[in-house]
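Asks: Structure provided below as structure tokens; questions to follow.
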Amino acid sequence: MDIGKLSVETQNQMNELFSSILLEHQKVNKIKHSKEEDFSSMEDAIKSYEKNKGRESFFPYLSSGYGHGPFTQLIDGSVKYDLIGAMGPNLLGHSHPLYIKSHLEAATSDVMTCGNLLNYKEPLRLTEEILESVKNSRLKHFWFAGSGSFANDSALKMIWQKKAPKYKVIAFNQAFAGRSIATQDITFNPKYRENMPKTLEVCHVPHFDQKNPQSSLKRTLDALEAIWKKESESICAITIELIQGEAGFVYGTKHFYKEVFKWAKEKNLYIWVDEVQTFGRTREMFAFQMFELDEYVDIVTVGKALQVCGTLYSEELNPSPGLIAGTFNGALATIIAGQKIVNYLRKGPFYGENGRIHQIENAFLSSLKKLSETTCKGKIKYYGGIGTMISFEVGDSDKPSTINFIKKLYQNGIISFIAGDKPTRVRFLLPLSLTDEHIKEIFAIVEKTTLDLF
């Protein structure tokens, strides 16, 4: 059937354009510093944008729209390593062939977005691909959402509908679930909901304690039991990030999670795993798969690296018509990219103990270990993380000096960000496009920046 199929002529033109675009971006392939006059011009543009937004930017950053692999180009002509990937979405790096192809394919469509009422073949393909990737779990359905927060809102509504009138949720200290009216109460940091009314009753318990792993499980189970004694008639679910990004990539052991989840199942609670940031970034496509928790999860939220957001859920949690809907599934380019990304990750050499993600993890952790034991001894006191999520502490691990370090690192050619408070950590969300040579240069810059400041 040729309905909706491009002509051979148009397809050939797309192929030529794809090659031309990729070649242009591939020219951005090394660190470059800007000229003073170009930086001043960019600063003026950034100030205008800050005025429009009503707040200052963390970095003096305004992209030119060009970049390749781990490199991003700014409008002042400078080029930097992008090791934060827009807080996670750019898992494949800049101008990845799949991104370019997705843009071009979307450009041939008759609309910009598609949604709940008028379905297109692209979201069908993505849902088929992502459901195939979780076939060993009880997750049978996927629903699109406009953001990670809204994916979590959908999860909450599905749980509430099945558990009414039980509406309280158990979450974990240092959690970040988003900033929507509901998820801001699950998010642990009170600064994110200043002067906001409480809309959701949440009971927070300790997550895994990396400093005291032997006592972590008992401490968490004791806290859960204490809450259960008081609130057993009102609790509907337990929600968790298996790897907490806001806390600086804190995560537990397989045994820890299994025991917590067994406790939840014994209490007939739904288990809701937030993988908005972790999707695609661990040693398996999902963190719950890496920790072998497939049999326990009832509902899982995803986003960021997928390029679109949504909720995976079991047949039991399939809601009544009308509870969840939405004008937008997402822009066609992002939906097309999502399908291609899941397929690429599933079939590529990325996962498992010998996968590229584990190799990148080992390269970063071993490099940080070497610095902490040699030239930066006493200056880098902690390093950790898993997959493409890496963090470390510098100096006294306080927020002001860590921010100062991150901004100096930015000047030297690396974009990173902060995580946590007391301690505050340097956070990397790494692209898969990193080579061993890139990593060597990155740590030369990390070493220089550390020695310059501490």
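The values are calculated or read from the model by the stated rules, or taken from the named source; none is laboratory data. Just so it is clear, the structure is predicted and the values come from calculations on it, not from any experiment. With ideal geometry, Cβ positions are generated from the backbone for all residues, glycine too; neighbour counts draw on all protein chains shown.
Asks: Listed residues Ile159, Ile181, Ile170; which is closer than 19 Å to Asp274 by Cα, at pLDDT below 95 and within 25 Å of the chain's Cα centre (by Cα)? Walk me through how you get there before you give the answer.
Replies: Values: Ile159 fails: at pLDDT below 95; Ile170 fails: at pLDDT below 95.
Within the list Ile159, Ile181, Ile170, the selection yields Ile181.
Asks: So, in region 146-179, how many residues would count as being crowded, with 21+ Cβ neighbours inside 10 Å and either at negative phi or basic (Lys, Arg) (or both)? Working first, answer last.
Replies: First, the residues of region 146-179 that are crowded, with 21+ Cβ neighbours inside 10 Å: 148-156, 158-159, 169-172, 174-178.
Among the residues that remain, those that are also either at negative phi or basic (Lys, Arg) (or both) are: 148-156, 158-159, 169-172, 175-177.
So the count comes out to 18.
Asks: Restricting attention to region 184-200, report how many residues are closer than 21 Å to Glu231 by Cα, at pLDDT below 95 and among the charged types (D, E, K, R).
Replies: Residues flagged as closer than 21 Å to Glu231 by Cα, at pLDDT below 95 and among the charged types (D, E, K, R) within region 184-200 amount to 1.
Asks: Can you pull out every residue in region 189-243 that is under 19 Å from Gly178 (Cβ atoms), among the aliphatic types (A, V, I, L, M) and surrounded by 13 or more Cβ atoms within 10 Å (Cβ to Cβ)? So that I can check it myself, show each step before the final result.
Replies: Step one: of region 189-243, the residues under 19 Å from Gly178 (Cβ atoms) are 189-204, 207, 236-243.
If we keep only those that are among the aliphatic types (A, V, I, L, M) too, we end up with 196, 200, 202, 237-238, 240, 242-243.
Result: Leu200, Val202, Ala237, Ile238, Ile240, Leu242, Ile243.
Asks: Would you check if Ile335 is in the same structural domain as Arg281 (by TED's automatic domain parsing), among the aliphatic types (A, V, I, L, M) and out of contact with any Pro (no Cβ under 9 Å at 6 or more places or on another chain)?
Replies: Working: in the same structural domain as Arg281 (by TED's automatic domain parsing): yes; among the aliphatic types (A, V, I, L, M): yes; out of contact with any Pro (no Cβ under 9 Å at 6 or more places or on another chain): no.
Spelling it out, it is not the case that Ile335 is in the same structural domain as Arg281 (by TED's automatic domain parsing), among the aliphatic types (A, V, I, L, M) and out of contact with any Pro (no Cβ under 9 Å at 6 or more places or on another chain).
Asks: Could you tell me which numbered condition His255 fails, if it satisfies all but one of (1) within 20 Å of the chain's Cα centre (by Cα); (2) under 25 Å from Tyr382 (Cα atoms); (3) modelled with pLDDT of 95 or more?
Replies: Only one criterion in (1) within 20 Å of the chain's Cα centre (by Cα); (2) under 25 Å from Tyr382 (Cα atoms); (3) modelled with pLDDT of 95 or more is unmet by His255, namely (1).
Asks: For Ser320, all conditions in the list (1) in a loop (DSSP other than H, G, I, E, B); (2) of a type in the set (Ser, Thr, Tyr); (3) crowded, with 23+ Cβ neighbours inside 10 Å hold save one; what is the number of the exception?
Replies: Only one criterion is unmet by Ser320, namely (3).
Asks: Any residue in region 225-251 that is more than 21 Å from Ile299 (Cα to Cα) sitting within a Cβ distance under 6 Å of a residue that is at pLDDT 95 or above and surrounded by fewer than 21 Cβ atoms within 10 Å (Cβ to Cβ)? List the pairs, counting only those 6 or more apart or interchain.
Replies: So the pair list comes out as Ile227/Cys203; Glu231/Lys168.
Asks: Within region 87-125, how many residues are more than 14 Å from Gln339 (Cα to Cα), buried (at least 19 other Cβ atoms within 10 Å of the Cβ) and either of a type in the set (S, T, N, Q) or free of Cβ contacts under 8 Å to residues at least 12 places away in the same chain (or both)?
Replies: 2
Asks: Test each condition in (1) modelled with pLDDT under 95; (2) crowded, with 20+ Cβ neighbours inside 10 Å for Thr327 and report the one that comes out false.
Replies: Result: Thr327 passes all but (2).
Asks: Are any residues in region 386-398 crowded, with 18+ Cβ neighbours inside 10 Å and either among the acidic types (Asp, Glu) or closer than 14 Å to Val446 by Cβ (or both), and if so, which ones?
Replies: First, pick out the residues of region 386-398 that are crowded, with 18+ Cβ neighbours inside 10 Å: 386-395, 397.
Across region 386-398, the qualifying residues are Ile390, Ser391, Phe392, Glu393, Val394, Gly395.
Asks: Does region 58-102 hold any residues that are among the polar types (S, T, N, Q) and at negative phi, and which are they? Write out each step before concluding.
Replies: Of the residues in region 58-102, the ones among the polar types (S, T, N, Q) are 63-64, 72-73, 78, 90, 95, 102.
Ser63, Ser64, Thr72, Gln73, Ser78, Asn90, Ser102 - these are the residues of region 58-102 that are among the polar types (S, T, N, Q) and at negative phi.
Asks: In region 293-317, which residue that is small (Gly, Ala, Ser) and part of a strand (DSSP E or B) is farthest from His94 (Cα to Cα)? Explain how you work it out, then say what you get.
Replies: So the first thing to find is which residues in region 293-317 are small (Gly, Ala, Ser), and the list is 303, 305, 310, 314.
Now restrict to residues that are part of a strand (DSSP E or B): 310, 314.
Values: Gly310: 23, Ser314: 35 Å.
Applying the filter and picking the extreme gives Ser314.
Asks: Going by what's in this entry, would Tyr257 be described as assigned to a helix (DSSP H, G or I), closer than 21 Å to Ala171 by Cβ and either small (Gly, Ala, Ser) or touching a Phe, Trp or Tyr at 6+ places or on another chain (Cβ under 6 Å) (or both)?
Replies: On the way: assigned to a helix (DSSP H, G or I): yes; closer than 21 Å to Ala171 by Cβ: yes; either small (Gly, Ala, Ser) or touching a Phe, Trp or Tyr at 6+ places or on another chain (Cβ under 6 Å) (or both): yes.
Considered against the rule, which asks whether it is assigned to a helix (DSSP H, G or I), closer than 21 Å to Ala171 by Cβ and either small (Gly, Ala, Ser) or touching a Phe, Trp or Tyr at 6+ places or on another chain (Cβ under 6 Å) (or both), Tyr257 comes out as yes.
Asks: Out of all the residues in region 172-179, is one or more among the charged types (D, E, K, R) and out of contact with any strand residue (DSSP E or B) (no Cβ under 7 Å at 6 or more places or on another chain)?
Replies: Yes, the conditions are met somewhere in region 172-179.
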